[in-house]
1. Is there any pair with a first residue in segment 9-24 that is more than 10 Å from Thr41 (Cβ to Cβ) and a second that is among the basic types (Lys, Arg) whose Cβ atoms are under 9 Å apart and which are 6 or more apart or on different chains, and what are they?
2. If you check Asp95, Asp111, Asp91, Asp141, which single one turns out to be acidic (Asp, Glu), open to solvent by 80 Å² or more (accessible area, probe 1.4 Å) and either at pLDDT 75 or above or over 26 Å from His59 (Cα atoms) (or both)?
3. Do we have Ala46 as aliphatic (A, V, I, L, M), out of contact with any Asp or Glu (no Cβ under 7 Å at 6 or more places or on another chain), exposed (fewer than 12 other Cβ atoms within 10 Å of the Cβ) and over 30 Å from Gly89 (Cα atoms) here?
4. Taking Glu62 as meeting all but one of (1) more than 19 Å from His142 (Cα to Cα); (2) open to solvent by 40 Å² or more (accessible area, probe 1.4 Å); (3) not hydrophobic (A, V, I, L, M, F, W, C), write down the number of the exception.
5. Are there any pairs with C-beta distances below 9 angstrom linking a residue in segment 125-136 that is farther than 15 Å from Ile99 by Cβ and without any contact (Cβ under 8 Å) to a residue 60 or more places away in the chain to a residue that is open to solvent by less than 60 Å² (accessible area, probe 1.4 Å) and of a type in the set (Val, Ile, Thr), with the two at least 6 apart or on different chains, and if so which?
6. I'm trying to understand the selection: among the residues of segment 119-138, which are open to solvent by 50 Å² or more (accessible area, probe 1.4 Å) and at pLDDT 85 or above?
7. Quick check: is even one residue across segment 2-21 part of a helix (DSSP H, G or I) and among the hydrophobic types (A, V, I, L, M, F, W, C)?
8. Looking at the structure I just gave you, is Glu34 farther than 30 Å from Thr103 by Cβ and either in a helix (DSSP H, G or I) or free of Cβ contacts under 8 Å to residues at least 40 places away in the same chain (or both)?
Amino acid sequence: MAIFRLRKKDGSEVWVEDHGRHVVDDKGNVLYHEGVLRDITERKRAEDALRESETQYRHLIETMQDGVYRSSHEGKFLEVNPALVKILGYDSKEDLMAIDIKTQLYFAPKDRESAALDEKLEEMAIFRLRKKDGSEVWVEDHGRHVVDDQGNVLLP
């Protein structure tokens, strides 16, 4: 299978997916190509739009001054932005993502559970976190659980 653009008679372009093969003679010489072309122009447009949207989202998250994160219920960061790395005093994204949130970020492990319970689904919580150097930083967390249509918390 190959994907490429073709120019139509009217000058417009169309993206196609070619499911074909070369037909060869007994000496291996190509006689002709046979195949089926499928118009995938709309799919390519949708892929391009998605790629652009992802680029814009990534740029927004990576350049904002507020710390943004996604974490698992088990206490691991799944995603963090550079602002959160800076706020918590870590050297790199990888450095911060390697920690155990429950034991290394909260001064008392019960603080994480109570913050999660207090927040319900979309509330704000204010609490202190431990920076890499051991000092504290007070944060305003607007986190929420991701839930399905029935209100069940979705775990990554």
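1. Glu17/Arg38; Glu17/Arg43; Asp18/Arg38; His19/Arg38
2. Answer to the check: Asp91.
3. So Ala46 passes the test.
4. With (1) more than 19 Å from His142 (Cα to Cα); (2) open to solvent by 40 Å² or more (accessible area, probe 1.4 Å); (3) not hydrophobic (A, V, I, L, M, F, W, C) applied to Glu62, the lone miss is (1).
5. Note: pairs meeting the criteria are Ala125/Val139; Ile126/Val139; Phe127/Val139; Arg128/Val137; Arg128/Val139.
6. Across segment 119-138, the qualifying residues are Arg128, Arg130, Lys131, Lys132, Asp133, Glu136, Trp138.
7. Within segment 2-21, not a single residue is part of a helix (DSSP H, G or I) and among the hydrophobic types (A, V, I, L, M, F, W, C).
8. Criteria met by Glu34.
The values are calculated or read from the model by the stated rules, or taken from the named source; none is laboratory data. Keep in mind that what you see is a predicted model, and the values were worked out from it rather than measured. Positions of Cβ are generated from backbone atoms using ideal geometry, with glycine treated the same way; all protein chains shown enter the neighbour counts. Ligands, DNA and RNA are excluded from the accessible area calculation, which covers all protein heavy atoms including side chains. Shrake-Rupley method; radii C 1.70, N 1.55, O 1.52, S 1.80 Å.
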